[in-house]
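Here is the structure we will look at.
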Amino acid sequence: MLCHGFSPLFFLMQARSHLIFGIGATWLMHRTGWAASVHAWPLTLVGALLPDIDHPKSMLGRRLAPVSFAISSVFGHRGMTHSLLPPMLFVAACIYGWGHVPPWALALCAGYLSHLLADWLTPSGVPLCWPLRTRFRSPLYVTTGSSAEWCVAAALAFAMWRWW
């Protein structure tokens, strides 16, 4: 525990917020014509939770505990999985294997990137250029669990509803 009873998880964006950002990514893909596949919604939501596989107490980490513990022990939390490296390698593998990026892979990457955007809004930031240790964060950040986090998520949800 850190001082004043806050645990290290205090600075982590909550899974619900990541799912809202994932829905926002799917909505944006749909509005721009990129998400023609019926698989876009669930895959974007999986992608929105995927970077936190490096934390054993995350939503995916609890369900895939052996994988989560292995990744956490090698890279720690907000290390490699919170960088641009995994989606770039995934896109490169798709292009190498199929000659293009299929819509389902695009949906997964959009969710992944939405997670990085959400964590960029927190005080801890994200190491986008991992293995470099530089962390990037928004100049106006929100603290997890605060009313600001809920306001950002609610504003995003309202914007999607309004412009749908």
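The values are calculated or read from the model by the stated rules, or taken from the named source; none is laboratory data. Computed from a predicted model, the values in this text were never measured in an experiment. Methodologically, a virtual Cβ is constructed for each residue, glycine included, from the backbone with ideal geometry; neighbour enumeration extends over all protein chains shown. SASA here: full protein model, heavy atoms, side chains in, ligands and nucleic acids out. Shrake-Rupley method; radii C 1.70, N 1.55, O 1.52, S 1.80 Å.
For C109, the conditions (1) modelled with pLDDT under 85; (2) surrounded by 16 or more Cβ atoms within 10 Å (Cβ to Cβ) are fulfilled apart from (1). Does V46 satisfy the criteria of being of a type in the set (V, I, T), open to solvent by 50 Å² or more (accessible area, probe 1.4 Å), under 24 Å from G24 (Cα atoms) and at pLDDT below 95? So V46 fits the description; yes. Across region 49-87, the qualifying residues are those that are open to solvent by less than 50 Å² (accessible area, probe 1.4 Å) and part of a loop (DSSP other than H, G, I, E, B), and the one among them that is modelled with the highest pLDDT is S83.
Filtering region 112-136 to residues that are outside any helix (DSSP H, G or I), at pLDDT 90 or above and open to solvent by 10 Å² or more (accessible area, probe 1.4 Å) leaves L128, C129, W130, P131, L132, T134, R135, F136. Does region 88-99 contain any residue that is open to solvent by less than 20 Å² (accessible area, probe 1.4 Å) and part of a helix (DSSP H, G or I)? Looking through region 88-99, at least one residue is open to solvent by less than 20 Å² (accessible area, probe 1.4 Å) and part of a helix (DSSP H, G or I). Might you check whether a residue that is within 10 Å of the chain's Cα centre (by Cα), at pLDDT 70 or above, buried (at least 18 other Cβ atoms within 10 Å of the Cβ) and of a type in the set (V, I, T) occurs anywhere in region 12-24? Taking every residue of region 12-24 in turn, none turns out to be within 10 Å of the chain's Cα centre (by Cα), at pLDDT 70 or above, buried (at least 18 other Cβ atoms within 10 Å of the Cβ) and of a type in the set (V, I, T).
Contact map, region 92-107: residues that are under 22 Å from L49 (Cβ atoms) paired with residues that are polar (S, T, N, Q) and surrounded by fewer than 17 Cβ atoms within 10 Å (Cβ to Cβ), Cβ distance under 7 Å, separation 6+ or inter-chain. Pairs shown: P103/S37; W104/S37; A107/S37.
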